[in-house]
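> What follows is a single structure, and I will ask about it in a moment.
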């Protein structure tokens, strides 16, 4: 086992332990259903396997790195949110206020972590294509989970799940039309829209935000996200031969 794989497996093992502790704590102190905790663990395991399989080809360093560790922490929390989806399914879309406020606070913490991993990667000299993709796919999974939560909590209609599916539709489009799979130029607009989308969906978890205000906020964020994807698609159309 080479140094990178060993470092990655160590980090993922620590992440698995954190996932188990958080899920166990949610069951013990928040009344989380045990099945919801299992769902969180299974999702984490699936992503962890993909990380081990893909990191060597796109991360030319010997260490997993602190920046990827921060992204891994976001993944752990995102999987816990996925467990919350299972929780809402088991309780007919009803959460106790303490659960809702706890996860709203956790969501804000995830957003704060998202703002520092890229900086840490550059400062440590461990930036890589893997790190950038790991960060982006963790964001995409977080948005998907939050959009499903917004629907199951009846904060918005089923249309809100489109916010979580757009990234995956774009990727599928790249299989059908290869220019869409080409790397896009760095964009502050894309980052700002992503943070805005996550922020709105996180705030929808707060018990005090109810329909119709919650639906209006979700719709505004979705329109902004659709606009951002449309700009990227237009750029690809114009520059497809580059």
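> Applying 1/(1 + (r/R0)^6) with R0 = 22 Å to the Cβ-Cβ distance of residue 18 and residue 116, what FRET efficiency is obtained, to the nearest 0.05?
0.75
> What do you get for Rg/Rh of segment 12-128 when both radii come from the Cα atoms and Rh is the Kirkwood radius?
Reported Rg/Rh (Cα atoms, Kirkwood Rh): 1.03.
> Another question, if that's okay. Going by how many other Cβ atoms sit within 10 Å of their own, how do 61, 239 line up, fewest first? The partial results should precede the final answer.
Working: 61 18, 239 12.
Least crowded to most crowded, the residues run 239, 61.
> To make sure I understand, if each residue's beta carbon is the centre and we count other beta carbons within 10 Å, what order do 53, 165, 149 fall in, fewest to most?
53, 165, 149
> Which order do 98, 33, 19, 87 fall in if you start with the one that has the fewest other Cβ atoms within 10 Å? Before the final figure, lay out each step's value.
On the way: 98 12, 33 18, 19 23, 87 28.
Ordered from fewest to most neighbouring Cβ atoms within 10 Å, 98, 33, 19, 87 come out as 98, 33, 19, 87.
> May I pose another question? Taking one equal scatterer on every alpha-carbon of segment 3-239, how large is log10 of I(q)/I(0) by Debye at q = 0.10, 0.11, 0.13, 0.14 1/Å?
Treating every Cα as an identical point scatterer, log10 I(q)/I(0) equals -0.48, -0.58, -0.81, -0.94.
> Separation between the residue 227 and residue 53 pseudo-spin-labels, each 7 Å from Cα along Cα→Cβ, expressed in nm?
3.8
> OK, next. Mind checking the full-extension length gain between residue 62 and residue 168? Use 0.36 nm per residue of separation minus the Cα-Cα distance, one decimal, nm.
Using 0.36 nm per residue and subtracting the Cα-Cα distance, I get 35.1 nm.
> Calculate the spin-label point distance for residue 235 paired with residue 6, positioning each point 7 Å from the Cα along the beta-carbon direction, and give it in nanometres.
A separation of 4.0 nm, rounded to one decimal place.
> Using only alpha carbon pairs under 8 Å that are at least six residues apart, calculate the relative contact order of segment 177-242 and give it in whole percent. Show your work: numbers first, answer last.
Numbers: 22 pairs, mean separation 30.8, N = 66.
Normalised by residue count, the contact order of segment 177-242 is 47 percent.
> Is any residue of segment 207-242 close enough, with backbone N under 16 Å, to a label point placed 7 angstrom from the Cα of residue 159 along the Cα-Cβ axis, and if so, which?
211-227
> Right, another one. In whole angstrom, and with the biggest value first, how far do the Cα coordinates of segment 84-207 range along each principal axis?
43, 37, 23
Any read-out appearing in this document is the output of simple, stated calculations on the displayed coordinates, not a laboratory observation. Keep in mind it's a predicted model, so treat the numbers as computed, not measured. With ideal geometry, Cβ positions are generated from the backbone for all residues, glycine too; neighbour counts draw on all protein chains shown.
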